[in-house]
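Visitor: Shown below is the structure under consideration.
The values are calculated or read from the model by the stated rules, or taken from the named source; none is laboratory data. Worth saying up front: this structure is predicted, and the values here are computed from it rather than measured. No Cβ is skipped: glycine too gets one built from the backbone with ideal geometry, and neighbour counts run over all protein chains shown.
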């Protein structure tokens, strides 16, 4: 949790980061294979204002993903 807090502060995010210490969210969203996973896979979901998943991104290229998300928001 301290590492996430430092990361948020370093990059001045205006939103919190999830600290999924028991991997429950990672498991629910397919980002972890099991509870003992050392880290989550880089996956992403576009969730609409209604709370429903609009699009799943099972593999994310961190450099290109922001543009991909923005394009899908306009779609």
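Visitor: Take residue 26 and decide whether it is without any contact (Cβ under 8 Å) to a residue 24 or more places away in the chain and surrounded by fewer than 13 Cβ atoms within 10 Å (Cβ to Cβ).
Guide: no
Visitor: Sticking with this one: So residue 18 passes all but one of these: (1) at pLDDT 90 or above; (2) within 13 Å of the chain's Cα centre (by Cα). Which condition number does it fail?
Guide: So the condition that residue 18 fails would be (1).
Visitor: Let me ask another. Checking the condition out of contact with any helix residue (DSSP H, G or I) (no Cβ under 7 Å at 6 or more places or on another chain) and assigned by TED's automatic domain parsing to the domain that holds residue 17, which residue from 33, 50 passes?
Guide: Answer to the selection: 33.
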